[in-house]
Amino acid sequence: MTRFPFRAALAAAIAAAALACGRGRARLEFPKAPVVLISVDTLRADHLPAFGYSGVETPNLDALRKDGVLFTSAYSQVPLTLPSHTSLLTGVYPAETGVRDNLGFHRLPSVETLPALLKKHGYATGGAVSSIVLTGESGMKDGFDLYDDAIEATAPGLGLGAVQRAGADTEKGRRGRSSRSSISTSRTRRTTRRSRGSPDTPAARTTARSRRPTTSSDASSRS
């Protein structure tokens, strides 16, 4: 009896399952749909109401979750901001992108990014970041028509991860530079979460990062 290679058999099984699931269902297409990526660095998944946490309120995230899809098993490929975001925008591991740490690495030119791919298909692309860790010189700006990483240290002697700006300032700068981009990325280290019973003020709505160690259930990377 002839034995088929394992990979060929597996591929055939997957194809058959896909055909079975797709029968009688119309294929959904959204030509030129806008693509928006918002990355909130160091945000713990287990500190969000969407995952059952009751210590804060996140009405905007809850509304997005209600109208979208919530992934309960999403893992960062590496617990470092730059390598993680590079993998996020390329779909490959740090060993393939060439970016293994937050400093001193540049994405390999042979690895294509999502913005570059979308640009090939007619999209206008723009990105804005809130941390110097994601400087465009690392290769992050490749594929973007506009990439705002104009971040300066506010005090001498700051560590690399501390050179950042508020997410609101990042958004304000992005809006001022272009309103035509169809893909936008924004990375911030703070979240607009309001503790239950706290006053409804900007200071009260903004909470600091948790000091507890990051777990494998984190929705994003840690710088």
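Can you tell me which residue within segment 40-80, out of those that are within 15 Å of the chain's Cα centre (by Cα) and among the charged types (D, E, K, R), is surrounded by the fewest Cβ atoms within 10 Å (Cβ to Cβ)?
If we take residues in segment 40-80 being within 15 Å of the chain's Cα centre (by Cα) and among the charged types (D, E, K, R), then Arg44 is surrounded by the fewest Cβ atoms within 10 Å (Cβ to Cβ).
Could you count how many residues in segment 110-130 are more than 18 Å from Pro94 (Cβ to Cβ) and either polar (S, T, N, Q) or in contact (Cβ under 8 Å) with a residue 12 or more places away in the chain (or both)?
14
Can we say Ala50 is assigned to a helix (DSSP H, G or I), out of contact with any Gly (no Cβ under 9 Å at 6 or more places or on another chain) and modelled with pLDDT under 90?
Judged against the criteria, Ala50 is not a match.
Given the criteria more than 19 Å from the chain's Cα centre (by Cα) and modelled with pLDDT of 90 or more, does Pro31 qualify?
no
Does Asp41 count as under 22 Å from Ala128 (Cα atoms) and modelled with pLDDT under 90?
yes
Within segment 66-125, count every residue that is under 28 Å from Phe30 (Cα atoms) and not polar (S, T, N, Q).
Within segment 66-125, residues that are under 28 Å from Phe30 (Cα atoms) and not polar (S, T, N, Q) number 26.
Just wondering, is there one or more residues in segment 153-167 that are under 14 Å from the mean Cα position of the chain (by Cα) and either aromatic (Phe, Trp, Tyr) or at pLDDT 80 or above (or both)?
No: zero hits.
Checking the structure you have, find out if any residue of segment 40-51 is hydroxyl-bearing (Ser, Thr, Tyr) and on the phi < 0 side of the Ramachandran plot.
No.
Taking segment 81-125 as the search range and keeping residues that are assigned to a loop (DSSP other than H, G, I, E, B) and of a type in the set (Gly, Ala, Ser), which one is surrounded by the most Cβ atoms within 10 Å (Cβ to Cβ)?
Among those that are assigned to a loop (DSSP other than H, G, I, E, B) and of a type in the set (Gly, Ala, Ser), it is Gly98.
Of all residues in segment 62-79, how many are in contact (Cβ under 8 Å) with a residue 60 or more places away in the chain and either touching a Lys or Arg at 6+ places or on another chain (Cβ under 7 Å) or outside any loop (DSSP other than H, G, I, E, B) (or both)?
Residues flagged as in contact (Cβ under 8 Å) with a residue 60 or more places away in the chain and either touching a Lys or Arg at 6+ places or on another chain (Cβ under 7 Å) or outside any loop (DSSP other than H, G, I, E, B) (or both) within segment 62-79 amount to 1.
The values are calculated or read from the model by the stated rules, or taken from the named source; none is laboratory data. Every value quoted in this text rests on a predicted model; they were computed, and no experiment measured them. When we count neighbours, we look across all protein chains shown, and the Cβ atoms used for this are built from the backbone with ideal geometry, even at glycine.
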